[in-house]
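Engineer: Quick one: structure below, then a few questions.
The values are calculated or read from the model by the stated rules, or taken from the named source; none is laboratory data. All figures in this text were calculated on a predicted structure; none of them were measured in a lab. Every residue, glycine among them, receives a Cβ derived from its backbone with ideal geometry; neighbour counts consider all protein chains shown. Surface accessibility is based on the protein's heavy atoms, side chains included, excluding ligands, DNA and RNA. Shrake-Rupley method; radii C 1.70, N 1.55, O 1.52, S 1.80 Å.
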Amino acid sequence: MNLQLPYGRDFLSLNIPDDRLQGVLTSGLHRYKPEADQNTLVERALENPVGTSHLYELARGKKQILLLASDHTRPVPSRAIIPPVLRELRRGSPDADITILIATGCHRATTRDELCEKFGDEIVAREKIVVHDCDEAEFVNIGTLPSGGACIINRLVMDADLVVAEGFIEPHFFAGYSGSRKSILPGVANRKTVLANHCSAFITSPAARTGILEGNPIHADMVWAARAARLAFVVNAVINEKKEAVYVVAGDMEKAHEAGCKFLSDLC
């Protein structure tokens, strides 16, 4: 049997003799048929937020709005998510100063070419985009994580009067699931905070496993950080092997994330 293993933007071929092949595990996402195209799914999610008001209502009266976006290492369908999110923010507050902060965590900086690939040339040319640097950004300490580490995050987050995030949800080998609260920690946190959270003591916890949120010390830190940072609204997608959104949820940082994790858990 010839297996095609995803590798970078391409595939590696691996030939396995039939008598050496025990089986091939595939995700239920491969068989899942979305209710609509990804643009429609985003619109529906924004029209039906989970656990909070519509985004345009949250934006009313806000002057400094921060939109957290995933970086080049995450296959978030940002071209489908970011334009309607910006539209809803400006619907609620036409004169707001909106900054898109790229939540790189401890990854290298996203290049302009990668930003254009992610958002499209028009968004990059028109919008104010800042790339987070976990070492060199201006930071503020907003408290102590449940684990005992200092929660130090990019000052742009605390200077904003509305914080919104895009992202995607997939099984994560020690955070349980990706998405939502991870836009703050590790997304826009200082390296010291990321290392305090992504430490061997927590990763070896029996609760720090794929698909587990309850009792997960890494997840608990991340949720605490997102609350302290006042992350008010998220738009998160579940994607298929083609990196297309097949499910989108929007709304409260915790409740919307729980809905997305529940959808995904039934297919993984």
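Engineer: Only bridges with both residues in the chain count here: give the DSSP antiparallel percent, nearest 5.
Structural biologist: Once the DSSP bridges in the chain are tallied, antiparallel ones form about 45 percent.
Engineer: I've got another one for you. Contact order normalised by length for the stretch 95-253, with contacts defined as Cα pairs under 8 Å and 6 or more residues apart; what percent is it?
Structural biologist: Across the stretch 95-253, relative contact order equals 23 percent.
Engineer: Quick check on packing: order 187-197, 140-150 by the mean number of other C-beta atoms within 10 Å, highest mean leading.
Structural biologist: Per-residue Cβ counts within 10 Å, averaged per peptide and sorted highest first, yield 187-197, 140-150.
Engineer: Using amide H atoms built 1.01 Å from N in the peptide plane, name the residues 5+ places from F168, or on other chains, whose amide H lies under 5 Å from its own.
Structural biologist: G179, S180, A237
Engineer: Follow-up. With charges only on Cβ, +1 for K and R and -1 for D and E, what is the dipole size of the stretch 125-222 about its Cα centre, in debye, rounded to 20?
Structural biologist: Dipole of the stretch 125-222, to the nearest 20 debye: 180 debye.
Engineer: Can you run phi through the Karplus equation (6.51, -1.76, 1.60; θ = phi - 60°) for the stretch 221-235 and list ³J(HN,Hα) in whole Hz, with x for Gly and Pro?
Structural biologist: 4, 5, 5, 4, 4, 5, 5, 4, 7, 6, 5, 9, 7, 10, 10
Engineer: Could you calculate the FRET efficiency of D113 with L195 from 1/(1 + (r/R0)^6), where r is the beta carbon distance between them and R0 is 22 Å, rounded to 0.05?
Structural biologist: 0.15
Engineer: Carbon and sulfur together cover what percent of the accessible area of the stretch 9-154 at a 1.4 Å probe radius?
Structural biologist: Carbon-and-sulfur percentage of accessible area, whole number: 46.
Engineer: Over what distance in Å are the Cα centres of the stretch 100-124 and the stretch 162-240 separated?
Structural biologist: Taking the Cα centre of each part, the stretch 100-124 and the stretch 162-240 sit 20 Å apart.
Engineer: Long-range amide H contacts for T144: which residues qualify at under 5 Å (H placed 1.01 Å from N, peptide plane, sequence gap of 5 or more or a different chain)?
Structural biologist: Result for T144 returns C151.
Engineer: Could you derive backbone 3J(HN,Hα) for the stretch 7-18 from the dihedral phi with the Karplus parameters 6.51, -1.76 and 1.60 (θ = phi - 60°), listing whole Hz in sequence and x where the residue is Gly or Pro?
Structural biologist: Here the 3J(HN,Hα) series is 8, x, 9, 10, 9, 10, 8, 9, 8, 10, x, 4 Hz.
Engineer: Separate question: Which value, in debye to the nearest 20, gives the size of the charge dipole of the stretch 1-133 about its Cα centre, when Lys and Arg are +1 and Asp and Glu are -1 at the Cβ?
Structural biologist: 300 debye
Engineer: Under a straight-distance cross-link criterion of Cα-Cα below 24 Å, which lysines are reachable from K128, leaving out those fewer than 8 residues away in the same chain?
Structural biologist: K62, K63, K118, K182
Engineer: Here's a follow-up. Given a Förster radius of 35 Å and the C-beta distance between E241 and E57 as r, what FRET efficiency does 1/(1 + (r/R0)^6) yield to the nearest 0.05?
Structural biologist: 0.45
Engineer: Considering the chain as a Gaussian network with a 10 Å cut-off on Cα pairs, which listed residue, P186, P217, P34, attains the greatest mean-square fluctuation?
Structural biologist: Residue with maximal mean-square fluctuation among P186, P217, P34: P34.
Engineer: Among bridges DSSP assigns within the stretch 82-180, what percent are antiparallel (round to 5)?
Structural biologist: Beta bridges within the stretch 82-180, antiparallel portion: roughly 60 percent.
Engineer: Oh, and also: About the Cα centre of the chain, how large is the charge dipole given +1 on each Lys and Arg Cβ and -1 on each Asp and Glu Cβ? Please answer in debye to the nearest 20.
Structural biologist: 300 debye
Engineer: Okay, helix-only estimate at 222 nm for the chain: each DSSP H run of n ≥ 4 adds -39500 (n - 2.57), divide by all residues, round to 500 deg cm²/dmol; what do you get?
Structural biologist: -8500 deg cm²/dmol
Engineer: Among the trypsin sites (Lys or Arg not before Pro) within the stretch 1-101, which fall in a DSSP loop and have no more than 10 other Cβ atoms within 10 Å of their own Cβ?
Structural biologist: Counting only loop positions with at most 10 other Cβ atoms within 10 Å, the trypsin sites (Lys or Arg not before Pro) in the stretch 1-101 are R9, R31.
Engineer: Additional query: What nm value, rounded to one decimal, do you get for the distance between Y7 and F173 when each label is placed 7 Å out toward the C-beta?
Structural biologist: About 1.8 nm separates the two model spin labels.
Engineer: Please report, in whole Å³, the volume per residue of the convex hull around the C-alpha atoms of the chain.
Structural biologist: 137 Å³
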